[in-house]
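The values are calculated or read from the model by the stated rules, or taken from the named source; none is laboratory data. None of the values given here were measured: they were computed from a predicted structure. Neighbour counts run over all protein chains shown; Cβ positions are idealised from the backbone, glycine included. In case anyone asks, the SASA skips ligands and DNA or RNA and just uses the protein heavy atoms, side chains included. Shrake-Rupley method; radii C 1.70, N 1.55, O 1.52, S 1.80 Å.
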Amino acid sequence: MAKTVLVVDDDPTQRRLMQAAAEKQGFRARVVENGEKALEEASDAKNGVDVVLLDLVMPGLSGMDTLERLMERRPDLPVIVLTAQPGHKLRALQAGAKDFISKPFDLVEVKTRIHNMLEVRLLYKQLDHYNQLLEHTVQERTAELRESEARYRSLTELASDWYWEQDEAGNFTKVNGPVLE
């Protein structure tokens, strides 16, 4: 199943290059030209956006502001920032970006970083699934254990009223206790 890459860049040439790079690798690419549209597209997990390529320098809502709002709404969504300014990299990573690509970018690097990010996201989804499965199993086993403990408790309460003897063959014989019908 093709994964969807959301390309967010105010420069039409950069958008086309990123879109072509993503599509050439078999990803679906959606492109928007500003942070407001990016938030609309990526905020809802049902839209199917799997990774965001986000330019940090844009008019209006900046890429950094867009990143911060995205992280508030979708902390699970991996964002790769695009920047030509080295000082922005650390700030973007601290704000929640998972990776960065320096401009001018190499298309092979773009493909590789998208692929790696999607692979990590898939692994996190699998881990989450396994954690949910484990939690369900623990709940089932806990319920079984509680039921077993209740049965044991009722048997020990009954057993204190009875007296048993064991013969040489190892057979138990009830000597006294309540009559059970």
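Quick rundown of the values:
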item	result
Neighbours by Cβ (under 6 Å, 6+ apart or cross-chain): first from the stretch 26-50, within 14 Å of Val7 (Cβ to Cβ); second open to solvent by 70 Å² or more (accessible area, probe 1.4 Å) and not polar (S, T, N, Q)	Phe27/Lys3; Ala29/Glu23; Asn34/Gly60; Asp50/Lys3
Qualifying positions in the stretch 37-61 - farther than 18 Å from Arg121 by Cα and either hydroxyl-bearing (Ser, Thr, Tyr) or loosely packed, with under 15 Cβ neighbours inside 10 Å (or both)	Glu40, Pro59, Gly60
Where a residue in the stretch 111-136 is hydroxyl-bearing (Ser, Thr, Tyr) and its partner, wherever it lies, is open to solvent by less than 100 Å² (accessible area, probe 1.4 Å), with Cβ under 8 Å and at least six apart	Tyr124/Asp76
Selection within the stretch 60-100 - under 19 Å from Ser43 (Cα atoms) and among the small types (Gly, Ala, Ser)	Gly60, Ser62, Gly63, Ala92, Ala95, Gly96, Ala97
Test: residue in the stretch 125-141 that is more than 30 Å from Gly63 (Cβ to Cβ) and over 22 Å from the mean Cα position of the chain (by Cα)	yes
Total residues in the stretch 99-116, condition among the aliphatic types (A, V, I, L, M), within 16 Å of Glu23 (Cα to Cα), surrounded by 15 or more Cβ atoms within 10 Å (Cβ to Cβ) and over 21 Å from the mean Cα position of the chain (by Cα)	1
Count - residues of the stretch 96-112 that are assigned to a helix (DSSP H, G or I) and either modelled with pLDDT of 90 or more or touching a strand residue (DSSP E or B) at 6+ places or on another chain (Cβ under 9 Å) (or both)	2
Only listed residue being in contact with a Gly (Cβ under 7 Å, 6 or more places away or on another chain) and within 11 Å of Val52 (Cβ to Cβ), chosen from Leu67, Leu82	Leu67
Breaking point among (1) closer than 26 Å to Leu123 by Cα; (2) touching a Pro at 6+ places or on another chain (Cβ under 9 Å), for Val110	(2)
Any hit, the stretch 47-70, residues being of a type in the set (Gly, Ala, Ser) and either within 19 Å of Leu107 (Cα to Cα) or within 17 Å of the chain's Cα centre (by Cα) (or both)	yes
Test: residue in the stretch 69-78 that is open to solvent by 80 Å² or more (accessible area, probe 1.4 Å), free of Cβ contacts under 8 Å to residues at least 60 places away in the same chain and under 17 Å from Ala22 (Cβ atoms)	no
Selected residue (only one of Glu157, Glu140, Glu147, Glu135 is open to solvent by 60 Å² or more (accessible area, probe 1.4 Å), at pLDDT below 85, more than 30 Å from Ala22 (Cβ to Cβ) and not polar (S, T, N, Q))	Glu157
